[in-house]
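Got a structure for you, questions after.
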Amino acid sequence: AKVAASDDEITALFKQFNLPHALNAIHPEEGVPEGLWNRICDVKSRGGFQHVKSMVEGLSTVSTNSETMIEDVNGDLMKEQTDDEMIRQQYGSKWRRLPSSALNQHLHQQIQGYKEKLQVAKQSDGVISSKLEGNKEFIEKLDLTREELEKKVPV
């Protein structure tokens with residue numbers, strides 16, 4: 001139990017001082033640390049800044065398409081409900097089917113849930129876009145070579 005408590009205490013201390021991440025700081029005399037360079041290479045191998053930017057821009061299209069699909073399904077359900085009400089009026093008690101509004105209640109609830117999730121996603125997309133724009137000049141530097149990066153480290 002003492003070992004686990006000590007381990008938790010050390011982990012909390014590491015988090016407080018942003019360790020081990022803080023150890024990846026760049027020192028001009030040492031160049032870009034290998035661990036950091038490996039992460040930069042990973043970003044480069046995936047297309048670098050332009051790839052990240054195009055993915056973020058694609059979020060808007062996905063969001064719009066999702067919104068359109070949700071509205072289309074909702075519209076179809078509403079039309080079916082209207083048709084059901086018209087037929088119910090026309091046939092009266094002979095129309096024994098449960099009302100569409102009762103049959104589709106769970107679908108309307110699901111649609112509402114999807115709309116809410118989409119709103120949260122759109123807000124998150126906005127935060128991501130804003131952070132990307134705000135850090136653009138730093139993120140674009142990930143496309144530089146190792147030597148170019150090391151030259152930009154202040155002395």
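The values are calculated or read from the model by the stated rules, or taken from the named source; none is laboratory data. Please read these numbers as outputs of a predicted model, since none were measured by experiment. Don't worry about glycine lacking a Cβ; one is built from the backbone with ideal geometry, like all the others, and counts go over all protein chains shown. With ligands, DNA and RNA removed, areas are computed over all heavy atoms of the protein, side chains included. Shrake-Rupley method; radii C 1.70, N 1.55, O 1.52, S 1.80 Å.
Any idea which of (1) farther than 28 Å from N65 by Cβ; (2) open to solvent by less than 70 Å² (accessible area, probe 1.4 Å); (3) of a type in the set (S, T, Y) is the one S124 doesn't satisfy?
(1)
Considering every residue within the stretch 75-94, establish whether at least one is of a type in the set (V, I, T), in contact with a Pro (Cβ under 6 Å, 6 or more places away or on another chain) and more than 26 Å from S45 (Cβ to Cβ).
At the first step, the residues of the stretch 75-94 found to be of a type in the set (V, I, T) are 82, 87.
Right, trim to in contact with a Pro (Cβ under 6 Å, 6 or more places away or on another chain) and you get none.
Among the residues of the stretch 75-94, not one is of a type in the set (V, I, T), in contact with a Pro (Cβ under 6 Å, 6 or more places away or on another chain) and more than 26 Å from S45 (Cβ to Cβ), which makes the answer no.
Suppose we filter G75, G58 for residues that are more than 17 Å from I139 (Cα to Cα), open to solvent by less than 50 Å² (accessible area, probe 1.4 Å) and at pLDDT 95 or above; which single one remains?
Working: G58 fails: at pLDDT 95 or above.
Result: G75 is the single residue among G75, G58 that is more than 17 Å from I139 (Cα to Cα), open to solvent by less than 50 Å² (accessible area, probe 1.4 Å) and at pLDDT 95 or above.
Between residues in the stretch 53-65 that are within 15 Å of S124 (Cβ to Cβ) and touching a residue at least 40 places away in the same chain (Cβ under 8 Å) and residues that are among the charged types (D, E, K, R) and open to solvent by 70 Å² or more (accessible area, probe 1.4 Å), which pairs lie under 6 Å by C-beta distance while being six or more apart or on different chains?
Matching pairs, first to second residue: S63/K122.
Residues in the stretch 25-38: is at least one open to solvent by 60 Å² or more (accessible area, probe 1.4 Å), of a type in the set (D, E, K, R) and in contact with a helix residue (DSSP H, G or I) (Cβ under 9 Å, 6 or more places away or on another chain)?
No, the conditions are met nowhere in the stretch 25-38.
Just a yes or no: is a residue in the stretch 114-127 under 30 Å from V153 (Cβ atoms) and modelled with pLDDT under 95?
Pass one, the stretch 114-127, residues under 30 Å from V153 (Cβ atoms): 127.
With modelled with pLDDT under 95 added as a condition, the list becomes 127.
So far as the stretch 114-127 goes, yes, one or more of its residues are under 30 Å from V153 (Cβ atoms) and modelled with pLDDT under 95.
Go through the residues of the stretch 92-105 one by one and say whether even a single one is under 30 Å from T61 (Cα atoms), touching a Leu at 6+ places or on another chain (Cβ under 8 Å) and without any contact (Cβ under 8 Å) to a residue 60 or more places away in the chain. Before the answer, list the steps.
The initial filter retains those residues of the stretch 92-105 that are under 30 Å from T61 (Cα atoms), namely 104-105.
With the extra rule that they be touching a Leu at 6+ places or on another chain (Cβ under 8 Å), the set shrinks to 104.
From what is left, the residues that are without any contact (Cβ under 8 Å) to a residue 60 or more places away in the chain are 104.
Within the stretch 92-105, one or more residues are under 30 Å from T61 (Cα atoms), touching a Leu at 6+ places or on another chain (Cβ under 8 Å) and without any contact (Cβ under 8 Å) to a residue 60 or more places away in the chain.
Based on what the data block shows, is Q110 at pLDDT 90 or above and surrounded by 10 or more Cβ atoms within 10 Å (Cβ to Cβ)? Full working, then the answer.
On the way: at pLDDT 90 or above: yes; surrounded by 10 or more Cβ atoms within 10 Å (Cβ to Cβ): yes.
It is true that Q110 is at pLDDT 90 or above and surrounded by 10 or more Cβ atoms within 10 Å (Cβ to Cβ).
Just give me the residues in the stretch 132-155 being within 21 Å of T64 (Cβ to Cβ) and either open to solvent by 100 Å² or more (accessible area, probe 1.4 Å) or of a type in the set (S, T, N, Q) (or both), in sequence order. Show your work before the answer.
Going residue by residue through the stretch 132-155, those that are within 21 Å of T64 (Cβ to Cβ) are 132-133.
If the condition is that a residue be within 21 Å of T64 (Cβ to Cβ) and either open to solvent by 100 Å² or more (accessible area, probe 1.4 Å) or of a type in the set (S, T, N, Q) (or both), then E133 is the only one that fits.
Let me ask another. Do we have I70 as in contact with a helix residue (DSSP H, G or I) (Cβ under 9 Å, 6 or more places away or on another chain), under 30 Å from G35 (Cα atoms) and of a type in the set (A, V, I, L, M) here?
Numbers: in contact with a helix residue (DSSP H, G or I) (Cβ under 9 Å, 6 or more places away or on another chain): yes; under 30 Å from G35 (Cα atoms): no; of a type in the set (A, V, I, L, M): yes.
Spelling it out, it is not the case that I70 is in contact with a helix residue (DSSP H, G or I) (Cβ under 9 Å, 6 or more places away or on another chain), under 30 Å from G35 (Cα atoms) and of a type in the set (A, V, I, L, M).
How many residues are surrounded by 15 or more Cβ atoms within 10 Å (Cβ to Cβ) and at negative phi if we restrict to the stretch 39-55? Before you say what the answer is, go through the steps one by one.
Step one: filter the stretch 39-55 for residues surrounded by 15 or more Cβ atoms within 10 Å (Cβ to Cβ), giving 40, 43-44, 48-49, 52-53.
So of that shortlist, the ones also at negative phi come out as 40, 43-44, 49, 52-53.
Selection size over the stretch 39-55: 6.
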